Structure formats: C-alpha cells, structure tokens
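*Asks:* One structure is given below, represented as structure tokens, and several questions about it will come after.
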Amino acid sequence: MSKNLGITLGLIMAAVIAAGLLVALNGRDGATDTPAAQPAPADQDPTTTPTAPADLLVREDSRYLDRVEDSPVTVVEFLDFECEACRAQFPVMEQIREDYDGRINMVIRYFPLPGHTNAEPAAAAVEAAARQGALEEMYARMYETQAEWGESQQPQDEVFEGFAEDLGLDVDEFVQDMESTDTEQRVASDFEDGVALGVQGTPTIFVNGRLAPSMPSHEVLSAMIDAELEG
C-alpha cells in the first residue's frame, strides 16, 4: 500500500469508528451525518429497506463486471480482495451473474480495509488490469488465489505482476498503472464513497440501492433482484 493512501484510508476508517462510538455513547438520541450501512435483519424483507443515494453507489468511472443497456437493476458490491468473507461471497455473486446474464448490471467498488496489508495493492492491480480490458479475469484471479497471498504482512506486488503476465497483459504498463497516482486516487474515491454510504465492512451489497443482509445467500439476492425486475 502506498504511504499516502494508507494514511488516507486509515484516517477515513478512524473517522467511521469515531462516528460509531459517538452513536453508541449518545444512545437513542445519537446521530451522525453518515449513518452506518446496517444490513437488514434476517426477519426483515430487504426489498422494503430505504435506498441509498444513486450518485454515491455508481460513478461514471465505476467498474462493471456486467453492463446491460437499459437494465432496470444494478447490483453494487463494495469489496476487499483480501477479505475472506468476500472470498466466501464470490461464488454466490458469480452464480447470480450467470443466472441473470443479460438482465442486470453488476458493479464492483473497491473498499480495501486498512488492516489488510495487500488489500489496496490488490485493488490497484485489478484497476490496472481493467485498464487493459482484463477486469473480470483479474477480479476472479484475486479470489481464486487469495489463500496464496492473503493475510501476508509482506507486499505481494510481484505476485500480482505474475498474474498480469499470466493473463497476457503488458506488464510494464500494468506496473505503471498499478503504481500511478491516478489509480491510487481511483481506489481512494471508491473507499470514500463507501464511507459516505456508511459501509464499515466487506462485502457490502446493494440491489438498486437497497442494502442486502450481511453475506446474502443466492436465494436472498435472487428475491431482491426479482422484486426489482418485476417492480
């Protein structure tokens, strides 16, 4: 992780934690300008939850795994490639993509948690690959290999460069993009949008702006998507 981005993400997360503590201390009367994105309780119908601001969920430069013109449904996932829970959610998201192929948009937003040494470099690697048209391939590779590089306290940039080579990318261009200020700012921008939405952990998933329960099953996500498609 670059020093500047590490400091930025750390400060943002510290602000989120401080806001959460303030709410806890204030009790029922506590409030903040950025409410936490609390997953819908298991017994609550997630299709009835309030919708998040569309301009924070998807930006013009947001990365789409699937983009369908005029689709009425957009699924947005804030994720961390070093997060084990995100890795566990990955097969569910892939099955959703297969089941709704050609019918929904699927957007990923980078939310590298400061406690994960290689989360930000992994996000930068995916972004660098996306600039060469290999978003989906690098996205999948990160989860498929997470056990090999995740939780390491040592930088894994060379591992990610190896992935780029395996995928047939221009490695010099990949490294340049991965280390660029533009990519750093791009990842930080996603993170900041997540914080503004109240995201505190990963994966956090929205269906047309409605927050899904924590670690939503295929059944839950399908029900949310179907309700939006039929609405």
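The values are calculated or read from the model by the stated rules, or taken from the named source; none is laboratory data. Keep in mind that this is a model prediction, so the values were computed, not measured. Cβ: placed from backbone, ideal geometry, glycine included. Neighbour counts: every protein chain shown.
*Asks:* If I ask for residues that are in contact with a strand residue (DSSP E or B) (Cβ under 6 Å, 6 or more places away or on another chain) and outside any helix (DSSP H, G or I), which ones from the stretch 185-207 would you list?
*Replies:* 199, 202, 203, 204, 205, 206, 207
*Asks:* Sticking with this one: Identify, please: which residue in the stretch 153-182 is small (Gly, Ala, Ser) and in a helix (DSSP H, G or I) and is, among those, surrounded by the fewest Cβ atoms within 10 Å (Cβ to Cβ)?
*Replies:* 162
*Asks:* Can you tell me which residues in the stretch 208-230 are in a helix (DSSP H, G or I) and aliphatic (A, V, I, L, M)?
*Replies:* 220, 221, 223, 224, 225, 227, 229
*Asks:* Is at least one residue of the stretch 154-164 touching a Pro at 6+ places or on another chain (Cβ under 6 Å), at pLDDT 95 or above and under 25 Å from residue 94 (Cβ atoms)?
*Replies:* First, pick out the residues of the stretch 154-164 that are touching a Pro at 6+ places or on another chain (Cβ under 6 Å): 157.
Next, only the ones that are at pLDDT 95 or above stay: none.
No, the stretch 154-164 has no match at all.
*Asks:* What number of residues within the stretch 130-152 satisfy the criterion of being modelled with pLDDT of 95 or more and not in a helix (DSSP H, G or I)?
*Replies:* Residues in the stretch 130-152 being modelled with pLDDT of 95 or more and not in a helix (DSSP H, G or I): 5 in total.
*Asks:* Could you give every pair whose Cβ atoms fall below 6 Å, whose first residue belongs to the stretch 75-100 and is among the aliphatic types (A, V, I, L, M), and whose second residue is at pLDDT 95 or above and in a helix (DSSP H, G or I), counting only separations of at least 6 or pairs across chains?
*Replies:* Note: pairs meeting the criteria are 76/57; 79/86; 92/218; 96/221.
*Asks:* Of the numbered conditions (1) over 14 Å from the mean Cα position of the chain (by Cα); (2) under 24 Å from residue 184 (Cβ atoms); (3) touching a residue at least 24 places away in the same chain (Cβ under 8 Å), residue 60 fails exactly one; give the number of that condition.
*Replies:* (3)
*Asks:* Sort through 195, 220, 199 and tell me the only one that's farther than 19 Å from residue 56 by Cα and β-branched (Val, Ile, Thr).
*Replies:* 220
*Asks:* I want to confirm something. Restricting to the stretch 76-103 and keeping residues that are part of a loop (DSSP other than H, G, I, E, B) and in contact with a helix residue (DSSP H, G or I) (Cβ under 9 Å, 6 or more places away or on another chain), which single residue is farthest from residue 223 (Cα to Cα)?
*Replies:* Restricting to residues being part of a loop (DSSP other than H, G, I, E, B) and in contact with a helix residue (DSSP H, G or I) (Cβ under 9 Å, 6 or more places away or on another chain), the top hit is 82.
*Asks:* Could I ask something else about it? Do we have residue 119 as touching a residue at least 40 places away in the same chain (Cβ under 8 Å) and either surrounded by fewer than 17 Cβ atoms within 10 Å (Cβ to Cβ) or among the aliphatic types (A, V, I, L, M) (or both) here?
*Replies:* Answer is yes for this residue.
*Asks:* Six or more apart or on different chains, Cβ under 7 Å: which pairs go from a residue in the stretch 122-142 that's β-branched (Val, Ile, Thr) to one that's outside any helix (DSSP H, G or I)? Could you list them?
*Replies:* Pairs found: 126/81.
*Asks:* Name the residues in the stretch 104-137 that are of a type in the set (A, V, I, L, M), within 20 Å of residue 58 (Cβ to Cβ) and in contact with a Ser or Thr (Cβ under 9 Å, 6 or more places away or on another chain), would you?
*Replies:* Once the filter is applied, which keeps residues that are of a type in the set (A, V, I, L, M), within 20 Å of residue 58 (Cβ to Cβ) and in contact with a Ser or Thr (Cβ under 9 Å, 6 or more places away or on another chain), the stretch 104-137 yields 104, 106, 107, 108, 123.
*Asks:* Being crowded, with 17+ Cβ neighbours inside 10 Å and either of a type outside the set (A, V, I, L, M, F, W, C) or within 12 Å of the chain's Cα centre (by Cα) (or both) narrows it down to one residue among 98, 136, 144, 84; which is it?
*Replies:* Answer to the selection: 136.
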